[in-house]
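The values are calculated or read from the model by the stated rules, or taken from the named source; none is laboratory data. This is a predicted model, so every value here is computed, not measured. Virtual Cβ from ideal backbone geometry, glycine too; neighbours counted across all protein chains shown. Note: accessible area is taken over every heavy atom of the protein model, side chains too, but ligands, DNA and RNA are not part of it. Shrake-Rupley method; radii C 1.70, N 1.55, O 1.52, S 1.80 Å.
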Amino acid sequence: MLAVAVLAAGKGTRMCSDLPKVLQPLAGVTLLERVLNSCAALGQQRTLLIVGHQAERVQAALRSRREGPEFVWQEPQLGTGHGVQQLLVPLKDFRGQLLVLNGDVPLLRAETLGQLLRQHRDSDAAVTLLTARLEDPSGYGRVFCRDDGTVSAIVEERDCSGEQRLNNRVNAGVYCFDWQQLSTVLPGLGADNDQGELYLTDTIARLQPARQLDVADAGEIGGINDRHQLAHCEGLLQQRLRRLWMDRGVSFIDPASCTLSEDTLFGRDVVVEPQTHFRGRCRIGDGCRIGPGALIEGSTLGRDVTVCFAVLNQARVAEGVSVGPYAHLRPGADIGAHCRIGNFVEVKQSSLGQGTRVNHLSYLGDASLGDRVNVGAGTITANYDGVHKHRTVIGSSSKTGANSVLVAPLTVGENVTIAAGSTITRDAEDNSLVIARARQLSKANYRPLPENGEG
Ligand code: UD1
Ligand code: CA
């Protein structure tokens, strides 16, 4: 039997934030969700989350998860050992292993946890902990081993002597305990340390034999106590994601200047130009060229789409479309194959058929355009009457002149030509030419010819 407990009750004082530390995001996903994801598929019978500081907020943040953890309250928060003591009641009748994870160690791989479990089960250990050798171990508890390889103790950095501090084997904050043995030593924890807290790490010296497993990739065990470590982990995570996609056929011109989300999937031969960012769930088709300077959020792009200096949010873009420079596709923008969305164009809640062109300086909101429509420079859909939004429909092969204003609700038929500078308020029939602007008046000789005094 296996139970997993995640420690998430601490305040995270060093973050200097109103947000509980475990709710800080990394690549858009909270630390806590990352930890819960890393241990989701270990086959455990119970998953318990120890909450305390802003517990309601932490609970609320997990509401959408399909399989939520059991919440265990720790109030007040007197240290990691005190946190795990709160399990004595809910796990009273439990027998088996207890895997304890720190809620602020977000980059652990599921495989590493699996390896820790296997090693623990195949040995005689009362506890097996995950450790790493770090070039710079500062901030972490140091793990001391005997000659036979068993762990004798963990000493927090602030309680270390100068000599102990030189030990660069650190405690990752991930432990596989034999629960029965742990539950007998938990009640006896003292607070005789620099912080006056009950340390979970103090149980190790009392549980024997204690064994450890060094992780191969020390980047996995990065703990987050402050904004520097948050930024460092974000960097590691981004590097991990970029490497993964390079292995699968995505080119980055300047990798370090681009950021990705785990929910973004790329096709083959995608080129990501500098300063390009993907957030949330994106799908990027084969052969797309994205950037320089693009922000793509929650959007789906077909194959061979180019996007240059543009922002796309919850948009769908079919194959062969060119977007930008300086375009903004907002939620509900649905762009058909081979369309062109050019300079300073904004599209919201609008669908465009195939081969439609909106090349310059336009706003299309709540509109449906057919195929091969040519939207003239400066065309605007006036979709809002101050109270309600209204739709504009434009049929295939129609053409709006430069600086037209289409006042919705409005239906323009197919193959219609709208004259430049028109403000259209009534529907237009198929194949018509519509002109709605003041007629030009020309007054001859308005300025009398200059007198030629010398004439
Ligand atoms: C802890 C370990 C340290 C290890 C490091 C790895 C202890 C005493 N020290 O130190 O050996 O190298 O993690 O990152 O465990 N928490 C509670 N209740 C509390 C206090 C903390 O739930 O009363 C939670 C926090 O929310 C956090 C986790 O426990 O998720 C770790 O607490 P933190 O104070 O960050 O411990 P560290 O000083 O980093
Ligand atoms: Ca920590």
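Annotations
- Listed by chain and number, the lysines whose C-alpha is less than 30 Å from the C-alpha of K92, apart from same-chain residues fewer than 8 away, are K11, K21.
- Here is the list for segment 213-271: trypsin sites (Lys or Arg not before Pro) lying in DSSP coil, each with at most 13 other C-beta atoms within 10 angstrom of its C-beta, are R248, R268.
- The ratio of the alpha-carbon radius of gyration of segment 1-145 to the globular-protein estimate 2.2 N^0.38 Å is 1.04.
- For segment 349-455, the fraction of C-alpha pairs more than 24 angstrom apart is 30%.
- Calculated SAXS-style log₁₀ I(q)/I(0) at q = 0.16, 0.17 Å⁻¹ - segment 172-329, Debye, Cα scatterers: -0.86, -0.93
- The order of W179, W73 by accessible area, most exposed first and with a 1.4 Å probe, is W73, W179.
- Calculated on the alpha-carbon coordinates, the convex hull of segment 249-434 measures out at 83 cubic angstrom per residue.
- Theoretical ellipticity at 222 nm over the chain - DSSP helices of four or more residues, -39500 (n - 2.57) apiece, nearest 500: -4000 deg cm²/dmol
- When the inverse distances between all different Cα atoms of segment 68-206 are averaged and flipped, the Kirkwood radius reads 15.8 angstrom.
- Segment 15-95: GluC sites (Glu not before Pro) falling in loop per DSSP and having at most 16 other Cβ within 10 Å: E67
- Tilt relative to the chain, helix 227-247 - C-alpha long axis, 0 to 90 degrees, to 10: 70
- Cut-off 11 Å between beta-carbons: net charge of the residues surrounding D217, Lys and Arg +1, Asp and Glu -1: -1
- Helix 110-121 axis, angle to the chain major axis (alpha carbon atoms, nearest 10°): 10
- Prolate/oblate/rounded call for segment 1-57, Cα gyration tensor, a/c under 1.5 rounded: oblate
- For segment 128-211, the list of trypsin sites (Lys or Arg not before Pro) that fall in a loop by DSSP and count at most 14 other C-beta atoms within 10 angstrom reads R146.
- Rounded accessible area per residue of segment 1-117, 1.4 Å, Å²: 43
- Within the full protein context, the accessible area of I435 is estimated at about 100 Å² for a probe radius of 1.4 Å.
- The chain: C-alpha pair distances exceeding 40 Å, %: 42
- For the chain: relative contact order, % (alpha-carbon pairs under 8 angstrom, 6 or more apart): 8
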